[in-house]
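Trainee: I'd like to ask you about the structure that follows.
What follows draws every value from the coordinates through simple rules; no lab data is involved. Please read these numbers as outputs of a predicted model, since none were measured by experiment. Positions of Cβ are generated from backbone atoms using ideal geometry, with glycine treated the same way; all protein chains shown enter the neighbour counts.
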Amino acid sequence: MRSKSPQKPPPSDAETAEYMRSLAERFVEHTRADGHFLDWDPAFIHHLDNYCTQFAASKPPPEVIHSVIMGAGAYLGEMIVRNAAWTWVYCTSESAAAVESPDGVRGYPHNKVAKRIHNGTDHDIEAFFKYAMTGVVPHGTTARVIKPSWWKRLRSRS
């Protein structure tokens, strides 16, 4: 009989934030080396949509797609964290990094980037970013806001 190895605890929110920040910064450096201009200025968020379109058109192998989703998702999330009052959190129910607004709304930037790469322009990264910045769901998007129940938000603050 084999014994189960102890399962590693999930990362803390602080560890998640540090890792995502580092991953985002590396992504920006690597894309600049490839001739793309990604910056921390919100006015340039549309460059990420353009980058994803060009990347998807190049038909890269799955392992490269995964790597870009991780880097671009970290960049998108870090743009939200740096320019809005959101924070990085680790969502144990999704086993994923997420960004969370002060009132408990969560966004999954890696999922958004994956949808943009796999499904195209219906998944507008700029609209996702603008929602995080303003709290207003952009007209014509399929965005939906699902807030955690009041008791989950209350429990998460304790």
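Trainee: Quote the charge dipole size of segment 13-156 about the Cα centre in Debye, to the nearest 20; the model charges only the Cβ of Lys and Arg (+1) and of Asp and Glu (-1).
Mentor: For segment 13-156, the charge dipole is close to 540 debye.
Trainee: Hey, another quick one. For segment 17-100, what is the convex hull (Cα atoms) projected area averaged across all directions, in square nanometres? Each step should come with its number before you reach the end.
Mentor: Working: hull surface 22.9 nm².
Computed as one quarter of the Cα hull surface, the answer is 5.7 nm².
Trainee: For ASP39 and LYS8, compute 0.36 nm times the residue count separating them, minus their Cα-Cα distance, and round to one decimal in nm.
Mentor: That pair, ASP39 and LYS8, stretches by 7.7 nm at full extension.
Trainee: HN-Hα J couplings of segment 109-124 from phi, Karplus 6.51/-1.76/1.60, θ = phi - 60°, integer Hz, Gly and Pro as x?
Mentor: x, 5, 5, 5, 5, 4, 5, 5, 6, 7, 10, x, 6, 4, 9, 7
Trainee: By average Cβ neighbour count within 10 Å, what is the ranking of 14-26, 121-133, 59-71 from highest down?
Mentor: 121-133, 14-26, 59-71
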